[in-house]
């Protein structure tokens, strides 16, 4: 009697097929690998102009970014020019420097407008970001 029960248990284990389970696991692995590589990269894509005389700024800056499509970001948040004026007035700190990061293909007029806005509000430390030319 005992031998028959053991042999029944052995035959049921031999009948379990692991191939579909392995296939499902491999498909899930492939899905997660592909989906993770297609996620958009965070951050704003800006190609800074090159300058020979660029310096490193060590202070905490208020960053205004202008992309090649003239879209304005205030600290990585999309904002219009009117909203930028409101935010700068609300959070004005004349001792805190402003860093303008503008793409080399952005409009010079947009950069000058932002520069004039900062000067109008009394911000004296305005910097333009550039890559150091080698």
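Nothing in this text is a laboratory measurement; each read-out follows from the coordinates by a stated rule. Keep in mind that what you see is a predicted model, and the values were worked out from it rather than measured. Quick reminder, even Gly has a Cβ in these numbers, built from the backbone with ideal geometry, and neighbours come from all protein chains shown.
Values as computed for the structure displayed
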quantity: Estimated D of segment 50-132 in µm² per second, where Rh is the Kirkwood radius over Cα pairs and Stokes-Einstein applies at 25 °C, 0.890 mPa s; calculated: 189
quantity: For 67, 80, 19, order by how many other beta-carbon atoms lie within 10 Å, fewest first; calculated: 19, 80, 67
quantity: Two-site label geometry, residue 35 and residue 125: point separation in nm, points 7 Å out along Cα→Cβ; calculated: 4.6
quantity: Simple spin-label estimate for residue 83 and residue 15 in nanometres, 7 Å along Cα-Cβ; calculated: 6.5
quantity: Three-way shape call for segment 92-134 based on the alpha-carbon gyration tensor, with the a/c threshold at 1.5; calculated: oblate
